[in-house]
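Coordinate-derived values only; no laboratory data. The structure displayed is predicted, hence computed values, not measured ones. Ideal geometry is used to build each Cβ from the backbone, glycine not excepted, and the neighbour counts take in all protein chains shown.
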Amino acid sequence: MKRTIVSTLMLLVVLSLLSGCNTMRGMGEDIEAGGEAVQRQANSY
């Protein structure tokens, strides 16, 4: 019983970390896209 609980908790921790990495990657892509838009706007003047 104890082993099942520990295994379940470990699985939840790993899944949480993986989803956090995915979120950070998406945030980085959004920031990069925003920076590129600012550069394009600055270059048009």
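Taking a ≥ b ≥ c as the square roots of the eigenvalues of the Cα gyration tensor, the chain is prolate, since a/c reaches 1.5 or more and a/b is larger than b/c. Exposure proxy for Ser44, Ser7: other Cβ atoms within 10 Å of each Cβ, ordered fewest to most, give Ser44, Ser7.
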